[in-house]
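For reference, the structure is listed below as structure tokens.
The values are calculated or read from the model by the stated rules, or taken from the named source; none is laboratory data. Keep in mind that this is a model prediction, so the values were computed, not measured. Using ideal geometry, Cβ is built from the backbone for each residue, glycine included, and neighbour counts are taken over all protein chains shown.
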Amino acid sequence: MSVRFNRSLFTFILLGFAVPITFAADTGRGGFRPGELWLDDRGVHINAHGGGIIAHDGVYYWFGEHKIAGEAGNVAHVGVHVYSSRDLVHWRDGGIALAVSDNAKSDIVNGCIIERPKVIYNAKTHTFVMWFHLELKGQGYGAARAGLAISDKATGPYKYVGSFRPNKGVLPLGFDAEVKTVPDPGELKDKKSAKAIQAGDSVRQDGQMSRDMTLFVDDDGKGYLLTSSEENRTLHLHELTDDYRGFSGKWTRIFPNASNEAPALFKRAGKYYLFASGTTYWNPNPGRSAMADSIWGPWTVLGNPCRGTQRENATTFASQSTYVLPVSGRPGDFIYMGDRWRPKNAIDGRYVWLPVEWENDRPVLRWHAEWDLSFFTRP
Ligand code: GAL
């Protein structure tokens, strides 16, 4: 009896000290272990799905969808969760940055859909600006709106401003209102949608649909919303106003009718790169990539960036892109961030982060079961 007591006391002491030091607050024993449980400083799996990260004053802030257990987690019951870190490995829980509302009249009432939140810092107004994909409660994915929230502090609380279908009544670059044709209809899948796109029906006068989205800030400080529109058939790039809270009116369509979603945009050595996925709901599919000399295009398809087994390439290492993170202090080094969704138990979704590798000026991804930032400094 006394031996047992001593042993459990020993275990208790050991765990009491060892847990916070050895296991907690870690994306996988000092580095990244894609697909494993990633624990925050409280020892809880990080809850920031479909996320994005900004670096500000030496700290990384990771924003993502807070999911609850079960299929109920596929809609928003809590809001946008934020974590902070100095090394991308140890994450401190910063709580809920943008909370859903109890008010049935609010766009962001509990039960709406809030996906893929991203935050950028606006130096002119000294505010953090969050955009996200918003679907109104009870309307499935029909609303297709871009939601906006702002805060003076990175971790929030963010104040909900409103939601938009961008660039109402404004034609995209190169779109001739009279002729009503688009410059590059791409690979048109069926006659009906081909006709609609040629006729410009999908470029809506009442504002453009906006679903899977990301934000990007260029070297000159201009901000952009890149979003899946036209029923997810065509990516739209919208330039933001100087305060990042609205649309300047300059926008373009990228890869019409190619059905890209989960877009992530990054820039290296003056060239723009794009990762995206196909449209298969929560199921992963072969990744896509593209590059351009100007953000306004023309964009060139680079194909599937994955360099793995056939099966890995077919599923982007069982993930869907959400963001490409520039590593602070290491220009040209990037981390691919993807989600391994678990729609039956949404809270258990996993994070697949991989270093972006390069074949000349083509970004590629390889599987690394365990890796850390020293990857980027290897000779
Ligand atoms: C995916 C999309 C996710 C989510 C999901 C719902 O295609 O990338 O963000 O919207 O569909 O089925």
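Structure values in brief
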| quantity | calculated |
| --- | --- |
| The range 130-144: number of residues that are surrounded by fewer than 23 Cβ atoms within 10 Å (Cβ to Cβ) and either closer than 14 Å to Gly246 by Cβ or away from the ligand (no atom under 12 Å from the Cβ) (or both) | 6 |
| Count - residues of the range 135-174 that are not aliphatic (A, V, I, L, M) and not in a loop (DSSP other than H, G, I, E, B) | 9 |
| Every pair of residues 6+ apart whose Cβ atoms lie under 7 Å, when the first sits in the range 305-333 and is among the aromatic types (Phe, Trp, Tyr) while the second is within 16 Å of the ligand (Cβ to nearest atom) | Phe317/Val352; Tyr323/Gly51; Tyr323/Gly52; Tyr323/Thr214; Tyr323/Ala264; Tyr323/Met337 |
| Test result for Glu36, farther than 16 Å from Val129 by Cα and in contact with a helix residue (DSSP H, G or I) (Cβ under 8 Å, 6 or more places away or on another chain) | no |
| Any strands (runs of 3 or more DSSP E) falling wholly within the range 291-379 and containing at least 3 residues that are β-branched (Val, Ile, Thr) and buried (at least 17 other Cβ atoms within 10 Å of the Cβ) | none |
| Count - residues of the range 268-297 that are touching a residue at least 60 places away in the same chain (Cβ under 8 Å) and either touching a Ser or Thr at 6+ places or on another chain (Cβ under 6 Å) or more than 16 Å from the ligand (Cβ to nearest atom) (or both) | 10 |
| Filter result (in contact (Cβ under 8 Å) with a residue 24 or more places away in the chain and closer than 23 Å to Asn167 by Cα) within the range 138-155 | Tyr141, Ala144, Arg145, Ala146, Gly147, Leu148, Ala149, Ile150 |
| Residues (within 17 Å of Ala48 (Cβ to Cβ), of a type outside the set (A, V, I, L, M) and surrounded by 21 or more Cβ atoms within 10 Å (Cβ to Cβ)) located in the range 95-119 | Glu115, Arg116, Pro117, Lys118 |
| Residue, surrounded by the fewest Cβ atoms within 10 Å (Cβ to Cβ), within the range 26-84, restricted to residues that are of a type in the set (Gly, Ala, Ser) and farther than 21 Å from Ile113 by Cα | Gly58 |
| Test result for Gly58, within 16 Å of the ligand (Cβ to nearest atom), of a type outside the set (Asp, Glu), at pLDDT 95 or above and under 25 Å from Ala123 (Cβ atoms) | no |
| Boolean, Arg233 is within 16 Å of the ligand (Cβ to nearest atom), out of contact with any strand residue (DSSP E or B) (no Cβ under 7 Å at 6 or more places or on another chain) and within 26 Å of Ser277 (Cα to Cα) | yes |
| Subset of the range 69-105 [touching a residue at least 40 places away in the same chain (Cβ under 8 Å), more than 16 Å from the ligand (Cβ to nearest atom) and more than 23 Å from Lys153 (Cα to Cα)] | Ala69 |
| Test result for Asp87, of a type outside the set (Gly, Ala, Ser), out of contact with any Asp or Glu (no Cβ under 6 Å at 6 or more places or on another chain) and within 30 Å of Gly58 (Cβ to Cβ) | yes |
| Residue check for Lys105: under 16 Å from Tyr351 (Cβ atoms), of a type in the set (Lys, Arg) and at pLDDT 95 or above | no |
| Extreme residue, nearest to the chain's Cα centre (by Cα), among residues of the range 203-230 that are β-branched (Val, Ile, Thr) and away from the ligand (no atom under 16 Å from the Cβ) | Val217 |
| Counted residues, the range 240-267 - those being among the aliphatic types (A, V, I, L, M) and within 16 Å of the ligand (Cβ to nearest atom) | 4 |
| Candidates Gly207, Gly221 - the one that is at pLDDT below 95 and either under 23 Å from Gln320 (Cα atoms) or surrounded by fewer than 24 Cβ atoms within 10 Å (Cβ to Cβ) (or both) | Gly207 |
| Verdict on Gly270 being surrounded by fewer than 19 Cβ atoms within 10 Å (Cβ to Cβ) and farther than 26 Å from Glu357 by Cβ | no |
